[in-house]
Ligand code: ADP
């Protein structure tokens, strides 16, 4: 049995993706959110790690400062105890009032003071009165207090220089009781100077030492000296001032928290103008009752956190924008696929349509072809029928035309015989001349008939003299025009040659002239006008045939070129002449059209010009 199909991870991912919203607004919101998150997170992380680093560094420094201070203080720690066993001092203690012993002790102390590099060494009695000293001096105010408290050391400020001095004390015993004290004084200014120097160099690092009263006694910042670490109310301030421990007045409150840790620094803001946020750490120097406080400037950490925050925001924005890009790409792909499908459908429909239209067109084409074949056959038949009709008409005219000269010839012949008999040869000669002219005329007519009867030759379309054709056509109809006393006006340039076949052009003209004569039969004024007008800058010639006949009604004009349309009585018109004429003109590349005139009709057709005569000459017949 096949295992039940589980959705592939790829498909599951695709489904998850497709469930994501595709509106750009959502992604802009997401981008904003990610920016804010990135900003806050990066700021926090950077600030935390910056503070941790700074705190670690500061702890190290704090240790260094503490050991510096301890080393500085420890350098002279054993000096008082060593001096205590010195025989000179022992002797002094036996007779403290002896000026000699005091002097000897002073000299010894002065030597030791110079060698040990201390500031002063002196011996005082139990009440703090100086017995002997390395130099003339006034004991510090705190000495009495230190003696009462039996202290081994204390800090005191030098009222003259303002520097902080450290005093080491050691009791001098005599007979089991304390007879005096050795005091070694040394100055911490050089150490403080190195701190100031360090603070100046590192910029961000501040160090201070506070005594058991929480008053700053040493600092890398001079302005903070004798400031109160935490907060001093007026009474405490007054008490501190009165204690005379400090060479100058008590400085400002630094407002540092009492519970400062060594390792975990605490952010503080000193209440001083222009103070920056600081990281404060402290270390107790228990044996001396001192507090060593390091303050590190947090500005750089904060600046770095700011930069990191903007970096985080940029990262958030990039993620959001990447999501937007992916979503819009997905949407574009979806639209593309949709458009492709629609295009394919449209293409399929179009192909179907084209197929069906092609089939329809093929059918129509086939139908047209068969219609054309039928039409060609019909036209061929019509052409022949028309020719027969024209021939029939002409044969009537022809018999009339030939009969007349024949009758005249017979009369002339008989007359000539009689004239010969009477010996009138001149008159006979004149008769013979007339007879010759008549025979020539008859032969001309038969020659035209032969031309007309000849089957049209497709290849014969060539350069044809238009005026000749007009003349020949008029000649064929001469007997009718003469009978009706027709006024004919031909305005055709003698040198004009057109592209046509003479025979068939004559057929067209005979037809047009014949119709015109028919139409003018019952009119009083019978005028036939044949005219040529140049068209298309002389490239084409417009042949115009106008009559003053009865004309046609507008309705009849519309049907003029319909086969078998005729207004003539039965037996006279077939209604084919114009149809055939139009077809012939069409074969020559022209078009036959009709127009009603105020009196009569105008027919015109255009032909391609082969040559024009240099000077067109018109001729009246
Ligand atoms: P048919 O002359 O045998 O009637 P056509 O095709 O030559 O055939 O002419 C068709 C009809 O057009 C004629 O019967 C006549 O009524 C009309 N028609 C042709 N030419 C003219 C014209 N010049 N004036 C008036 N009617 C005309």
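The values are calculated or read from the model by the stated rules, or taken from the named source; none is laboratory data. Since this is a predicted model, take the numbers as computed values, not measurements. Note: ideal-geometry Cβ built from the backbone for every residue, glycine included; neighbour counts use all protein chains shown.
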**Study point:** Filter result (in contact with a strand residue (DSSP E or B) (Cβ under 9 Å, 6 or more places away or on another chain) and surrounded by fewer than 22 Cβ atoms within 10 Å (Cβ to Cβ)) within segment 297-318
**Key:** 297, 299, 302
**Study point:** Hey, residue 589 over 26 Å from residue 388 (Cβ atoms) and more than 8 Å from the ligand (Cβ to nearest atom) or not
**Key:** yes
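Answer with yes or no whether residue 209 is under 14 Å from residue 69 (Cβ atoms), in contact with a helix residue (DSSP H, G or I) (Cβ under 9 Å, 6 or more places away or on another chain) and buried (at least 20 other Cβ atoms within 10 Å of the Cβ).
Numbers: under 14 Å from residue 69 (Cβ atoms): yes; in contact with a helix residue (DSSP H, G or I) (Cβ under 9 Å, 6 or more places away or on another chain): yes; buried (at least 20 other Cβ atoms within 10 Å of the Cβ): yes.
Criteria met by residue 209.
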**Study point:** Qualifying positions in segment 108-131 - touching a strand residue (DSSP E or B) at 6+ places or on another chain (Cβ under 9 Å) and part of a helix (DSSP H, G or I)
**Key:** 108, 109, 110, 112, 113, 116
Check your understanding: In the set 109, 73, 45, which member is over 30 Å from residue 281 (Cβ atoms) and in contact with a helix residue (DSSP H, G or I) (Cβ under 9 Å, 6 or more places away or on another chain)?
Key -> 109
Practice item. Among the candidates 288, 191, 279, single out the residue that is within 25 Å of residue 77 (Cβ to Cβ) and touching a helix residue (DSSP H, G or I) at 6+ places or on another chain (Cβ under 6 Å). Key: 191
Point to revise | Counted residues, segment 45-59 - those being free of Cβ contacts under 8 Å to residues at least 12 places away in the same chain and either surrounded by 18 or more Cβ atoms within 10 Å (Cβ to Cβ) or at positive phi (or both) | key: 0
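Residue check: is residue 439 within 30 Å of residue 564 (Cβ to Cβ) and either in contact with a strand residue (DSSP E or B) (Cβ under 8 Å, 6 or more places away or on another chain) or modelled with pLDDT of 70 or more (or both)? Full working, then the answer.
On the way: within 30 Å of residue 564 (Cβ to Cβ): no; either in contact with a strand residue (DSSP E or B) (Cβ under 8 Å, 6 or more places away or on another chain) or modelled with pLDDT of 70 or more (or both): yes.
Judged against the criteria, residue 439 is not a match.
Output the residues belonging to segment 91-103 that are surrounded by fewer than 17 Cβ atoms within 10 Å (Cβ to Cβ) and without any contact (Cβ under 8 Å) to a residue 40 or more places away in the chain. Talk me through it step by step, then tell me what you get.
If we filter segment 91-103 for residues that are surrounded by fewer than 17 Cβ atoms within 10 Å (Cβ to Cβ), which is where we start, we get 91, 94-95, 97-100, 103.
Passing the criteria: 91, 95, 97, 98, 99, 100, 103.
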Review point. Is it fair to say residue 563 is without any contact (Cβ under 8 Å) to a residue 12 or more places away in the chain and either within 9 Å of the ligand (Cβ to nearest atom) or surrounded by fewer than 15 Cβ atoms within 10 Å (Cβ to Cβ) (or both)?
Key: no
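Residues checked against (1) away from the ligand (no atom under 16 Å from the Cβ); (2) surrounded by 11 or more Cβ atoms within 10 Å (Cβ to Cβ); (3) modelled with pLDDT of 90 or more; (4) under 24 Å from residue 479 (Cα atoms):
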position: 366; (1), (2), (3), (4): yes, no, yes, no
position: 370; (1), (2), (3), (4): yes, no, yes, no
position: 374; (1), (2), (3), (4): yes, no, yes, no
position: 382; (1), (2), (3), (4): no, yes, no, no
position: 385; (1), (2), (3), (4): no, yes, no, yes
position: 408; (1), (2), (3), (4): yes, yes, no, yes
position: 416; (1), (2), (3), (4): yes, yes, yes, no
position: 421; (1), (2), (3), (4): yes, no, yes, no
position: 426; (1), (2), (3), (4): yes, no, yes, no
Exercise for review: For residue 154, state whether it is without any contact (Cβ under 8 Å) to a residue 24 or more places away in the chain, crowded, with 18+ Cβ neighbours inside 10 Å and not in a helix (DSSP H, G or I).
Suggested key: yes
Check your understanding: Among the residues of segment 577-591, which ones are part of a loop (DSSP other than H, G, I, E, B) and in contact with a strand residue (DSSP E or B) (Cβ under 6 Å, 6 or more places away or on another chain)?
Key -> 588, 589, 590
Revision key, fill the gap. Expected single match for at pLDDT below 95, within 11 Å of the ligand (Cβ to nearest atom), more than 27 Å from residue 384 (Cα to Cα) and surrounded by 15 or more Cβ atoms within 10 Å (Cβ to Cβ) among 534, 550 is 550
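Out of all the residues in segment 568-576, is one or more touching a strand residue (DSSP E or B) at 6+ places or on another chain (Cβ under 8 Å), closer than 18 Å to residue 513 by Cβ and either modelled with pLDDT of 90 or more or surrounded by 14 or more Cβ atoms within 10 Å (Cβ to Cβ) (or both)? Quick ask: steps written out before the conclusion?
Just the residues of segment 568-576 that are touching a strand residue (DSSP E or B) at 6+ places or on another chain (Cβ under 8 Å), to begin with: none.
Scanning segment 568-576, I find no residue that is touching a strand residue (DSSP E or B) at 6+ places or on another chain (Cβ under 8 Å), closer than 18 Å to residue 513 by Cβ and either modelled with pLDDT of 90 or more or surrounded by 14 or more Cβ atoms within 10 Å (Cβ to Cβ) (or both), so the answer is no.
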Practice item. Return only the number of the condition from (1) free of Cβ contacts under 8 Å to residues at least 24 places away in the same chain; (2) part of a loop (DSSP other than H, G, I, E, B) that residue 201 does not satisfy. Key: (2)
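In the set 232, 244, 223, which member is part of a helix (DSSP H, G or I) and touching a residue at least 12 places away in the same chain (Cβ under 8 Å)?
Working: 232 fails: part of a helix (DSSP H, G or I); 244 fails: part of a helix (DSSP H, G or I).
Only one candidate qualifies: 223.
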Point to revise | Lone unmet requirement of (1) within 21 Å of residue 462 (Cβ to Cβ); (2) within 13 Å of the ligand (Cβ to nearest atom) for residue 539 | key: (2)
Practice item. Determine which single condition residue 558 fails, assuming it passes every other condition in (1) at pLDDT below 95; (2) over 21 Å from residue 608 (Cα atoms); (3) near the ligand (Cβ under 8 Å from one of its atoms). Key: (3)
Exercise for review: List every residue pair whose Cβ atoms lie under 9 Å apart, where the two residues are 6 or more positions apart in sequence or sit on different chains, the first residue falls within segment 496-516 and is without any contact (Cβ under 8 Å) to a residue 12 or more places away in the chain, and the second residue, located anywhere, is within 12 Å of the ligand (Cβ to nearest atom) and outside any loop (DSSP other than H, G, I, E, B).
Suggested key: none
